[in-house]
Structure formats: structure tokens, C-alpha cells
Amino acid sequence: MRIIDIIIILITGVVAGFINVNAGGGSFLTIPMLIFTGLPPAVANGTNRIALTFANIIAVYNFKKKGFFNWKLGLALGIPAALGAIVGAFISINLPDELYNTILAIVIIVVLIIIIVNPQKYIKRAIIETSLKNRIFGAAIFFCVGIYGGVIQAGVGFLIITSLIFLTGYSLVKINSLKVIIVLIYMLVSLLVFILSGNVNWIYALVLSVGNGIGAYAGTRFAVKHGDKWIKVVLIIAAFIMALKLLNVI
């Protein structure tokens, strides 16, 4: 363990925590960064989840203070996401390292294309949350989202945001406040799989958690006041470079 690695992890954690609250995708930076410091992919995945859990606790608290806290809908969608995340976490810890790196790189590139195209602006509210049938459909969607979050995690924020736009038609601020509740619920459950299987580096997790916490605190304050447009350019450039590195292109 080198001091330079600790510094890099801390700085990346701050940036990722800020990005995760405003748009999602911070794990595009943190998971590859942890892999580059020498952690096996499964350990990098588990370590990253410790930091994300800590950051989401802060984000939920901040959104609640500012009056954005729909815990009923958060639970209704977070519980099926948690069940899916258990399945995904078991898949993740059993994937070969090279295969995980390749999948992560491809996912990064695909999601970055989605960010650039921005299909969210074409999505209109199709479902109202008061219908039992539509709630069941929403639960099914978030079970699948949970599986993805359990396996990869990186980019799950974009899936949640897009799904919530379709399901609720809420403003981006309200959707972000729901997102952090859902992520916190399924993260706590999936994290147990990684902890019990020994796939967490606790020192790196602590450093990353501090960085994520600082970034999440600043991010929630920024999200309520300003929105998230400007951070997308930085995220796209940084994540694309990391994807190429994972594929050994650079």
C-alpha cells in the first residue's frame, strides 16, 4: 500500500461522490481506479460498495433535510432491487477477473453513449404510482436493476433515473432523492455478500468512504440548487479513458 494510492483513492472518492448524487456513474471512476491500484475486481467491487453505502446515507439525510424524502415509494422499489442485488452480487464474486474487466469496460462505453444520446428527454410519464398493477411492474423493473447493480454497480444510477422518469415523471431533484434511497437499500443487502465472502479491502474502503462522503455532501447541496449538466463532460472523458485502459487499449 502506497501513500500515493491513498491520495488518489481519496480524490477519486470525492469526485465520484459528487457525481453519484447529481447524475450517477461515479463507480465508472472508482472501480477501475481500485483495480489499477492492484485489487482483484471482486474486491474492488466490494470495497467500492462500502464507500457508496456511506455516501448514500449522507445523501439521504441531506435530501430529507431539504424536504425530498418519499420513503414509501423508495421502499416499494428498493426492496425488489435488494432481492435482485443479492442475485447479482453472487454472480459478481464468481466472475473471472479478465471477464469482469471486459464486461465493465463494455458497460462503461455503452452507458457513455446513452449519456451522450440522452434518451431521457424522449421519455414521458407512462405509469402512475397509485395503480397496483403498475407498482408490480415497477417492482419487476427494479428487481432487474438490482441484479445489474449487484454485478457491476457502475452506471446503475442512470438506469434508476431513466426508470423513475418513466415510472413517475418526477423532477430530476425528486428522482435523485428517490435514487439514493433505493441504492442505499439494495447496497446494504448486496454488501453483505461481499463482506461474508471476504471481498473488501477495509483500509481502502475507509479512505474511499471519506472521499465519497465529502463529495456526496457537496453534491446534494449542488443538486438542489443547480442540477447536473456540467459534470457530464468530465465524467464522459474520464470514464472513457478508464474503459480503454481496462481493455488494454492504452
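Readers should treat all values here as calculations from the given coordinates under stated rules, not as data from a laboratory. Since the model is a prediction, treat every value here as computed from it, not as a measurement. All Cβ positions, glycine included, derive from the backbone under ideal geometry; neighbour counts span all protein chains shown.
Quick notes on this structure:
- Gain on full stretching of the segment that runs from F36 to D97 - 0.36 nm per residue minus C-alpha separation: 20.7 nm
- Charge dipole (the chain, unit charges on Cβ, about Cα centre) - positive-most of S177, A216, L95: S177
- Helix 156-168 and the long axis of the chain differ in direction by around 0°, with both axes built from C-alpha atoms.
- Label-to-label distance, nm, for residues given as F240 and I195 (7 Å Cα→Cβ offset): 3.9
- Judged by the mean number of other Cβ atoms found within 10 Å, the most tightly packed of the peptides 166-178, 192-204 leads the ranking 166-178, 192-204.
- Taking every DSSP helix (H) stretch of at least 4 residues in the chain, weighting each as -39,500 (n - 2.57) and dividing the sum by the residue count yields a mean residue ellipticity at 222 nm of -27000 deg cm²/dmol.
- Normalising the average separation of contacting C-alpha pairs (under 8 angstrom, six or more residues apart) by the number of residues puts the relative contact order of the chain at 44 percent.
- Placing +1 on the Cβ of every Lys and Arg and -1 on the Cβ of every Asp and Glu, with no other charges, gives region 3-246 a dipole of roughly 1100 debye about its Cα centre.
- In terms of the mean number of neighbouring beta-carbon atoms within 10 Å, the peptides 242-249, 100-107 order highest first as 100-107, 242-249.
- With a Förster radius of 41 Å applied to the C-beta separation of K65 and N248, the computed FRET efficiency comes to 0.35.
- Per-residue Cβ neighbour counts within 10 Å put Y148, Y186 in the sequence Y148, Y186, beginning with the fewest.
- The long axis of helix 3-22 is offset from the longest Cα principal axis of the chain by roughly 10 degrees.
- Relative to one another, the C-alpha centroids of region 78-102 and region 197-224 are positioned 20 Å apart.
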